[in-house]
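Structure first, commentary second.
The values are calculated or read from the model by the stated rules, or taken from the named source; none is laboratory data. Note that the structure is a prediction, hence the values are computed from the model and not measured. Cβ: placed from backbone, ideal geometry, glycine included. Neighbour counts: every protein chain shown. The protein model used for the area step is the full one, side chains on, heavy atoms only, and it has no ligands, DNA or RNA in it. Shrake-Rupley method; radii C 1.70, N 1.55, O 1.52, S 1.80 Å.
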Amino acid sequence: MISRTCSVYSIIGLLSIAGILAPGVAASSLSDRPVVLSHDLAVELRPSTHELIGRDQIDIELPLRAAMVTFSISPTVKVERILLKTHPEASAATVSDTALSFTTEQVVQPPEQRVTVALPVTHDGRVTLAWVYRGTIDDPPKEPRHLRFVTPSETGGHIGPEGVYLSSESQWYPDIEGSLSAYRLTALVPQGWSVVTQGRKIEETTDGEHVSSTWVVSDRSEALTLVANKFAVKSRAWKSRNGQSIELATYFFPDDAGLADEYLDATSNYLDAYISILGEFPFEKFAVVENFFASGLGMPSFTLLGSGSIKRHYVQPYALGHEIVHSWIGNSVFNRADQANWVEGLTTYLANYYWHEWTHDDRQAMEQRRLMLQGYSVHVPPDQDYPVAAFVRKRDERDNAIGYHKSAFVFHLLRREIGDEAFWRGLKTFVSRYRNRTIDWKNIEAVFAEESRRDLRWFFEQWVERGGSPSLSFGEAAASRVTGTDGRDAWRLTIHIQQGGRPFRMAVPVTIVMKHGTETRWVSLGLSSEHMAELTVQDQPLLVQLDPEWMAFRRLARAQLPPMLNGYVTDRHRTAVKAFTDSASPLQQVVTRITDQEAQLPESQRTRVLSINGEPLPPEGSVLVLAGPDQQALVQSIVRESCGNLAVLESEGVQIDGQTHSGPAAAVLLSCRRADVPGSVVTILYGVSSQAVAKVSRFLFYYGWQSYVIFNDGAAVKRGLWQNEPEMKEVRIESSH
């Protein structure tokens with residue numbers, strides 16, 4: 001390999017670097033299509049002018065007969081030259097690089113520049129090209145367009161005084177789609193700025209005007225993400241319980257530097273847990289990096305979290321824990337681009353859900369299972385369902401419910417099907433076997449079938465490749481006194497369970513409430529719509545409950561769901577009622593956001609907007625009432641009709657569950673079932689003053705899962721859920737024969 005030297009005094013020094021193959025990249029057999037094996041990048045970033053000046057020395061493998069190769073790069077950069085690097089024999093006295101001809105094509109959608117390079121007439125299937133290019137990358141982050149779920153700000157990449165964010169979407173270096181590459185990067189930024197990227201930093205120098213840092217990514221990865229800003233950096237040498245040494249770091253804005261230890265402590269806790277579950281951490285470092293726009297992104301060896309999230313102590317398992325699990329799942333073992341995405345489901349299962357089992361928080365684990373089932377049932381109408389295997393990326397809440405929540409639940413079902421020992425052993429085998437490789441659901445099936453020594457074809461065909469879900473209900477439950485096998489009195493319990501739609505092969509827990517205690521039994525259902533289970537219990541059964549702890553995946557009918565704002569959001573018939581007279585009220589912003597969001601929908605699918613006039617509410621669908629203080633008495637009559645004595649709106653506050661919350665900054669978001677419209681809800685946003693709802697109105701739809709939320713000056717101070725009881729059936733006692 002050729003040695004490398006670097007001067008920090010100018011980009012000229014950076015561009016004079018000779019290329020090397022990054023450590024850890026072994027030569028491979030000739031490819032049937034061009035792929036990039038390694039990038040040797042040198043870039044200067046100029047935030048004040050949004051400019052990037054770069055050189056990329058690329059080692060490529062391609063078919064022997066290939067006469068040209070096509071790359072993609074940002075349409076906003078100009079390629080100045082492309083050279084074929086000559087690798088001399090040891091005896092050669094001189095080295096000469098050859099300028100290659102190339103053509104460019106601008107593609108409108110998605111926006112990219114395709115550069116086709118003419119190759120030498122003969123080559124040995126491995127060539128090294130040196131690119132020199134420069135341009136601007138300036139797509140300032142925009143507020144997300146989605147009304148009803150939290151997404152990062154939207155940008156294709158940005159270099160500016162407020163910060164630098166360059167990802168694969170930025171196309172800030174030339175690449176060939178589908179390549180897994182190693183990287184070496186030297187980045188030059190203004191004095192006072194710091195760069196963070198993947199891999200290990202091996203050098204950093206300064207000349208007083210610029211800072212140069214060099215990073216090496218030895219393991220092959222899908223893409224390289226670079227961020228830069230004026231960070232306060234704190235690092236910690238850390239060793240896991242298994243003895244692995246990992247550098248932990250935070251790159252925070254100076255105002256948030258005091259939060260560094262909280263994030264470093266949380267990171268070490270998550271790493272210790274997940275190393276024991278998944279095996280050795282795939283990287284030498286893990287950094288938590290603060291971003292200048294809203295984001296929650298996991299990259300190999302670091303996570304990029306928006307400044308607002310950092311300030312809100314974003315260390316929960318669904319937040320920081322989720323991004324750390326991505327280090328193994330998604331950033332070490334990859335899913336195939338634009339194909340079935342299994343990554344988010346497995347990460348959600350391990351972080352958002354399993355962490356609560358790991359920490360013995362059974363109540364919160366059950367709550368997560370409930371949320372998964374309710375999210376799917378609310379956001380995935382039967383006629384818009386699709387298989388888990390068809391999920392690629394999240395565009396809306398339906399995708400989130402299938403690709404994250406149902407997919408996570410599939411791993412929960414798989415674990416129960418094959419047992420804990422085989423499941424956790426299989427997970428470690430899977431992560432180690434496919435490190436730095438792209439895999440799909442077929443590979444997952446093969447590993448778990450191997451570790452469990454079972455044919456799991458039926459399971460993956462049913463839960464992954466087929467859309468839909470079972471719906472379950474009780475038929476009749478009856479019991480009679482019998483003599484047990486030990487000669488003592490016992491009870492034979494007969495339970496009829498019905499499956500709606502296409503039947504699923506599955507097991508369902510049934511909790512039996514008896515005169516003296518409870519007992520849970522699992523009932524296996526076959527591929528029929530009716531199933532009769534006969535159980536023997538030692539005490540008289542009184543009631544049976546169908547899966548009260550949400551262990552079986554199924555569709556819940558809308559009438560089985562608790563009242564909540566998301567019930568309104570997903571109702572096919574929606575009406576927004578303006579119960580305020582002040583045209584400048586913040587409540588008008590909610591109406592405007594709804595109408596703007598739905599402007600492109602057919603009129604039959606849009607929300608109707610009415611002004612309150614004392615007449616009855618529309619006879620169908622769900623209703624959102626936006627209430628100002630001047631309409632308190634009128635809106636209270638709506639509350640009384642649907643909520644009964646659960647809530648009372650008063651001129652100075654609100655009573656919920658017998659507690660009063662009052663004051664000029666008090667507001668409430670309240671949902672109840674519509675008394676005469678099964679499956680629909682009435683939701684009311686009410687504030688004692690206009691100022692009380694000013695902050696709430698912007699984030700209203702982020703509170704979709706609660707029956708009520710009490711706010712004080714825009715901050716949620718109490719929330720609750722009016723949950724349905726699990727489906728239960730009284731046991732009929734039959735005479736003994």
ask   = What per residue convex hull volume, in Å³, comes out for the range 597-654 when only alpha-carbon positions are used?
value = 116 Å³
ask   = Sorted by mean Cβ packing within 10 Å, highest first, what order do the peptides 134-143, 37-46, 187-196 take?
value = 37-46, 187-196, 134-143
note = Scoring the range 273-375 by relative contact order with C-alpha pairs under 8 Å, at least six apart, yields a percentage of 19 percent
ask   = Can you list the residues of the range 695-737 with backbone N under 16 Å from a point 7 Å past the Cα of D489, pointing along Cα to Cβ?
value = 733-737
key: Cα convex hull of the range 335-402 - mean projected area over all directions, nm²   = 4.7 nm²
request  = Please give, to one decimal in nm, the separation of the simple spin-label points placed at R698 and K239, each 7 Å out from Cα toward the Cβ.
outcome  = 4.8 nm
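Hey, can you rank 694-700, 371-377 by average C-beta count inside 10 Å, highest first? Mind dumping the intermediate values first?
Details: 694-700: 18.1, 371-377: 21.7.
Answer by packing, highest mean first, reads 371-377, 694-700.
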query = Under the definition of Cα pairs under 8 Å and six or more residues apart, what whole-number percent is the relative contact order of the range 157-217?
reply = 28 percent
query = Along the three principal axes, how long is the chain when you take its alpha carbons, biggest first, rounded to the nearest angstrom?
reply = 103, 72, 48
remark   = Looking only at lysines whose Cα falls under 25 Å of K230's and that sit 8 or more positions away or on another chain, we get K142, K201, K285, K311
Relative contact order (percent, whole number), the chain, Cα cutoff 8 Å, 6+ residue spacing = 8 percent
Using a Förster distance of 22 Å, the FRET efficiency for R312-W358 (Cβ separation, nearest 0.05) = 0.40
ask   = Ratio of Rg to Rh for the range 384-530, alpha carbon only, Kirkwood?
value = 1.07
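Give the Kirkwood hydrodynamic radius (Å, one decimal) of the range 646-737, defined as one over the mean of 1/r across all pairs of different Cα atoms.
Final number for the Kirkwood radius of the range 646-737 is 14.9 Å.
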request  = Between E727 and R395, with labels modelled 7 Å along Cα→Cβ, what's the label distance in nm to one decimal, could you check?
outcome  = 3.3 nm
ask   = Can you give the Rg to Rh ratio for the range 302-377, taking only C-alpha atoms and Rh from Kirkwood?
value = 1.00
note = In deg cm²/dmol, rounded to the nearest 500, the helical mean residue ellipticity at 222 nm of the chain, built from -39500 (n - 2.57) for every DSSP H run of length 4 or more, is -5500 deg cm²/dmol
inquiry  = Run through the range 182-239 and list the GluC sites (Glu not before Pro) located in a DSSP loop whose Cβ has at most 15 other Cβ atoms within 10 Å.
reply    = E209
remark   = With a Förster distance of 25 angstrom and the Cβ-Cβ distance between S662 and L634, calculated FRET efficiency to the nearest 0.05 equals 0.80
remark   = Taking protein heavy atoms only, a 1.4 Å probe, and rounding to whole percent, the accessible area of the chain owed to carbon and sulfur comes out at 49 percent
ask   = For E112, E61, E162, E519, what's the largest-to-smallest order of accessible area, 1.4 Å probe?
value = E162, E519, E112, E61
remark   = To the nearest 0.05, the calculated FRET efficiency linking R200 and R606 through their beta-carbon distance, R0 being 45 Å, is 0.25
key: Tail beyond 25 Å, pair distance distribution of the range 525-626 (Cα, percent)   = 46 percent
query = If only Cα atoms are counted, what is the Rg of the range 412-452, and what is its Dmax, in Å?
reply = 9.9, 29
key: Listed peptides 563-571, 239-247 by packing density, highest first (mean Cβ within 10 Å)   = 563-571, 239-247
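Using the Cα atoms of the range 691-737 to build a convex hull, what is its mean projected area in square nanometres? Don't skip to the end; give the middle numbers.
Details: hull surface 19.3 nm².
The orientation-averaged projected area of the Cα hull of the range 691-737 comes to 4.8 nm².
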